[in-house]
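Nothing in this text is a laboratory measurement; each read-out follows from the coordinates by a stated rule. Keep in mind the model is a prediction, meaning the values are calculated, not measured. Ideal geometry is used to build each Cβ from the backbone, glycine not excepted, and the neighbour counts take in all protein chains shown.
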C-alpha cells in the first residue's frame, strides 16, 4: 500500500470534538478495498477476466477538496472527511475512507452514497492488475 491508512476510531473522536458535532445525530463511514473479483465481473457479469492482484490507483486532489466542500452544502450534512490511497494497492488494501456526519439517518445515508459515487465515478482512476 502506498499511503498509511487513517484510524477510523481517531477520525470519529475528532469528528465528535468538532463544533459541528452538536448538529450530527449520525456518523457513517465507508472503507473501499481492493477485491480479487474484477469490476467488470461484479458490475456487468463479464466472466473469464482472471483474478485481480492489485490496483493502480490515483485521484484528482482538487476535485476531492471541492467534493468535500459541496457535500457540506447538502441537506443535514455537517461533517465530511475523506482519505484516498495512491499508487499500487494490493488485494485487501484500502483505497478510500469517507466519513459523513449528518443530522438524521436518511440525510447521512444519502450523502455517503452520493459522495462515494461522485468520487468513484468522477475523481479516481483505477487500473486493475491481473494475475
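Structure notes:
- For residue 72 and residue 46, the FRET efficiency from 1/(1 + (r/R0)^6), where r spans their Cβ atoms and R0 equals 25 Å, is about 0.10.
- Linear extension gain, residue 8 paired with residue 53, 0.36 nm per residue minus alpha-carbon span: 13.7 nm
- Protection proxy ranking of 33-46, 105-118, 78-91, 57-70 - average other beta-carbon atoms within 10 Å, highest first: 78-91, 105-118, 57-70, 33-46
- Between helix 105-118 and the chain there is an angle of about 40 degrees, using the helix long axis and the longest principal axis of the Cα atoms.
- For the chain, the longest principal axis of the alpha carbon atoms and the long axis of helix 61-71 meet at an angle near 40°.
- Residue order, fewest to most surrounding Cβ atoms within 10 angstrom, among 119, 100, 129: 129, 119, 100
- Placing a label point 7 Å from the Cα of residue 37 along the Cα-to-Cβ line, the residues of region 108-131 whose backbone N sits under 18 Å from it are 128-131.
- Equivalent ellipsoid semi-axes - Cα gyration tensor, the chain, angstrom: 29, 15, 13
- Note that region 57-131 carries a Kirkwood radius of 13.1 Å, evaluated over its alpha carbons pair by pair.
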